[in-house]
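One structure is given here, and the rest of the page talks about it.
Nothing in this text is a laboratory measurement; each read-out follows from the coordinates by a stated rule. If you're wondering where the values come from, they're calculated on a predicted model, not measured in any experiment. Cβ coordinates were reconstructed from backbone atoms using ideal geometry, including for glycine residues, and neighbour counts include every protein chain displayed.
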C-alpha cells in the first residue's frame, strides 16, 4: 500500500511545468501547492541544469501577476475611465449650453456703462475717501467688472 507521501509525489510529477502561466489560474489550490513544492525541489539544483521551461515556471510562480501581485485594474481599465470622464464632461458641457440658452440676459447693472457710472457716482459722493475709489492715489477699477 503506497503511503500518502508517495501519492503526493506521483501527483506532483503529473503536472507539467511547460507553459505554467496559462494553466496557473485554472489549477486548484492543491495542484498549485504541488507545483510550488516541485519547483522548490528543482530550485535547489544548479540553475544551469534546469530547462528553460522549469526556469520560466519558477519565475512565474514566484514573481508572476497572481495572488497579491495580481493587478488591481485589468488591462483596458484606464481607457474605460478616460472615455467615461470625457463622456461626462461632454454631457455636462451640453447641459450647460442648453441651460444657458434658456437663461435670461444679464441684468443691466452688469453692463460696463452702468459700472462706470457707478464709479462716477461713488466719486461724487466721496465714497471711501481714505483708501477707496475717492482717494487721491486710487489706481483700481472701482466697480467695473465687465469687459
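Structure notes:
- Those residues of region 38-70 which are assigned to a helix (DSSP H, G or I) and under 15 Å from residue 16 (Cβ atoms), in sequence order: 38, 39, 42, 52, 53, 54, 55, 56, 57, 58, 60, 61
- On the stretch given as region 71-99, residues that are farther than 30 Å from residue 25 by Cα and assigned to a loop (DSSP other than H, G, I, E, B) total 0.
- Some residue of region 100-111 being without any contact (Cβ under 8 Å) to a residue 24 or more places away in the chain, touching a helix residue (DSSP H, G or I) at 6+ places or on another chain (Cβ under 7 Å) and outside any loop (DSSP other than H, G, I, E, B): yes
- The residues of region 51-64 that are surrounded by 12 or more Cβ atoms within 10 Å (Cβ to Cβ) and out of contact with any helix residue (DSSP H, G or I) (no Cβ under 6 Å at 6 or more places or on another chain), listed by number, are 53, 55, 56, 59, 62, 64.
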